[in-house]
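The values are calculated or read from the model by the stated rules, or taken from the named source; none is laboratory data. Keep in mind it's a predicted model, so treat the numbers as computed, not measured. Neighbour counts run over all protein chains shown; Cβ positions are idealised from the backbone, glycine included. Accessible surface areas use protein heavy atoms only, side chains included; no ligands, DNA or RNA. Shrake-Rupley method; radii C 1.70, N 1.55, O 1.52, S 1.80 Å.
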Amino acid sequence: MKVFFLRQGLFSLLILIQITCLFAQSPLWQGKGRIVISADGNEHDHDDWAATPLSLALIAAKGLQDKLTVYIYSDHIWGSNYEHPGVDGVTPYEQMKESTLKGGKIFGFKKTKFICAVDNPESAYEALKQEIDKSDEGNPLFIIADGPVHVIGEAIARANKDKRKYVTVISTINNWNDTHADQPYPWESHSGWTMPEIRQSFSNAEGGELKIVSIKNQNLCLMKNWKEYEWLITAPARNHSYYKKGSWRWLFDRLCMSIKPVSGAENYYAIDASDAGKVVYLLTGIEDTSPQLCYEIMKNPPQK
């Protein structure tokens with residue numbers, strides 16, 4: 001019994017430390033600039049079915065809907081629906097469309113341009129290029145890489161060299177997304193920009209001094225037992241007037257679409273919203289995020 005209470009006390013202390021850090025860190029986002037997200041979800045892993053709506057909810061919770069100027073989704077431009085069968089007859093391509101477009105509507109992204117890259121890669125390249133070219137010291141751009149980085153690399157290559165120094169790309173260390181363009185699976189045939197190539201080409205003086213920030217792998221932070229996200233359907237904050245009625249419940253249902261069995265010392269089903277950790281990092285400066293920290297952000301939205 002003493003061990004149980006000791007563990008509970010340590011867990012509570014850890015959460016308290018994380019929440020304290022939420023207000024102590026120096027985030028990349030300093031109240032100016034724009035955000036672009038590029039995510040896949042239409043092929044291979046289905047974590048973006050969850051990470052996309054959670055990312056939208058977190059940005060909305062800060063009142064930054066108008067700062068998310070472009071959301072590129074299904075950016076695995078080489079095809080969809082091969083590896084994962086989908087759920088209940090709904091393909092990965094359609095699942096990603098649901099998470100993105102309905103998430104944007106539910107959380108109030110009225111000015112964001114949502115672009116399906118697999119349908120029209122050129123539109124994705126050009127939209128992101130235009131955002132890069134708008135950048136300056138007072139209006140920086142933050143690009144969150146939640147899928148293969150080919151779309152991002154192509155847009156940077158097309159953009160004005162002198163604008164690249166005002167752009168920051170946020171990724172994770174040793175990420176599958178970083179190299180997949182040149183490392184297709186056996187049934188695929190494709191190539192494209194990789195993160196090492198982007199870094200080598202654009203992160204020096206000759207290439208325009210693009211900034212790349214690689215944080216720790218977020219799977220350990222946000223791929224958690226579904227019960228750690230249960231606050232979405234139980235917390236009183238779900239009824240806050242800032243949010244549309246039922247939006248938190250919808251978000252929980254979308255997160256559950258990513259559930260994966262986890263085996264080990266304890267068998268459980270995990271929600272995988274790992275890519276949303278990059279949004280948390282942008283907004284708070286915290287790498288060691290958690291579902292609880294997502295709750296702390298969402299439960300305190302701006303006043304209407």
### Query
From the list 202, 142, which residue is in contact with a strand residue (DSSP E or B) (Cβ under 9 Å, 6 or more places away or on another chain), under 30 Å from residue 301 (Cα atoms) and hydrophobic (A, V, I, L, M, F, W, C)?
142
### Task
Mind listing whichever residues of segment 167-217 are more than 16 Å from residue 151 (Cβ to Cβ) and under 20 Å from the mean Cα position of the chain (by Cα)?
168, 172, 173, 174, 211, 213, 214, 215, 216, 217
### Test for residue 106: is it among the β-branched types (Val, Ile, Thr), in contact (Cβ under 8 Å) with a residue 24 or more places away in the chain and crowded, with 24+ Cβ neighbours inside 10 Å
no
### Residues being touching a residue at least 40 places away in the same chain (Cβ under 8 Å) and either among the small types (Gly, Ala, Ser) or surrounded by fewer than 18 Cβ atoms within 10 Å (Cβ to Cβ) (or both) - total across segment 177-188
4
### Query
If we scan segment 72-79, do we find a residue that is surrounded by fewer than 22 Cβ atoms within 10 Å (Cβ to Cβ) and on the phi < 0 side of the Ramachandran plot?
yes
### Task
Can you confirm whether segment 153-166 contains a residue that is among the hydroxyl-bearing types (Ser, Thr, Tyr), touching a residue at least 24 places away in the same chain (Cβ under 8 Å) and open to solvent by 10 Å² or more (accessible area, probe 1.4 Å)?
yes
### Query
Of all residues in segment 241-252, how many are surrounded by 16 or more Cβ atoms within 10 Å (Cβ to Cβ) and in a loop (DSSP other than H, G, I, E, B)?
2
### Query
Within segment 193-236, which residues are modelled with pLDDT of 95 or more, part of a helix (DSSP H, G or I) and open to solvent by 20 Å² or more (accessible area, probe 1.4 Å)?
196, 197, 199, 200, 201, 226, 227, 228, 231, 233, 234, 236
## Note on the structure
Of (1) open to solvent by less than 10 Å² (accessible area, probe 1.4 Å); (2) free of Cβ contacts under 8 Å to residues at least 40 places away in the same chain, residue 255 satisfies every one except (2)
